[in-house]
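Coordinate-derived values only; no laboratory data. Just so you know, these numbers come straight off a predicted model, no measurement behind them. No Cβ is skipped: glycine too gets one built from the backbone with ideal geometry, and neighbour counts run over all protein chains shown.
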Amino acid sequence: MDILTTFGHPPFVYYIFTETLIPFSECYWIQFLPCSGMNITTALMFSIGLDRYFSLKYPMKYRSWPPGRYLCLQLLGCLAYDALVKVIGYFTLSDDPVICLIADAYYGYGKDFWVFSEVFINILVMIVYLRVRKEMKNVSASVMKTQTENIMSSLYMIVFFYFFGWLTTMCLLGTLRVLTTEANLVVTAELGCGFFANMNMTIPAFIYFRKSVLYKNALKELFKKPQVGVVTVSASAVTSSRRL
């Protein structure tokens, strides 16, 4: 979803360097998929946080839930949030000109709903992960100490960057929505706010690579060259196959 969000940058770069303004109603469709990535990312962070909390707080019940239905329910919740934002955003669009930053896919009350709902969900994310942190301190003694410490360390760092990433971005956008609606100032301020969001999308991969052996091995597998092995067949096997 973070990768999908970054697809919204090239159109903005093109429009700003060619000094081209397009209507909000057109920007909505250009940034449709990147905005979906952004909305679903926020909802997924909350959903994953709840999943981790339930697995720690209610381990027996958690294991009894049907995995397929449980996963589908979580994903449907994320998609429903994105759909709600898209519908409200669509019916509040305007033909006023804009450079078409990702955040400019919405306008008016639609943008207000998007920004403040993001702020609300991001605050819930912080609360959930703080609860996860509390539960992690009470983790079973059967878990290796070093493994627990690595998980805790990764969690602290992820929450730290999330606070100064998505949460900071959306809080700044919310403050901006309250203080001014002047187009040029809004676009300039949104560019500054976007720095924190992009930092939040980039940093976790490095944290997981440094802290998680499984994550590190998975990334190494992506860049490993396939090895061509030499298959040897014994004479007895050939003879047996001929007899068959």
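Key figures
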| read-out | value |
| --- | --- |
| Cα-derived Rg over Rh, computed across the stretch 41-98 with Rh taken as Kirkwood radius | 1.22 |
| Qualifying chymotrypsin sites (Phe, Trp or Tyr not before Pro) for the stretch 57-146 [loop in DSSP, other Cβ within 10 Å: at most 12] | 91 |
| Residue 210 versus residue 223: modelled label distance in nm, points set 7 Å from Cα along the beta carbon direction | 1.7 |
| Lys/Arg +1, Asp/Glu -1 at C-beta; the stretch 51-130 dipole; positive extreme among 114, 76, 66 | 66 |
| Proximal charge balance of residue 28 [Cβ under 14 Å; K/R count +1, D/E count -1] | -3 |
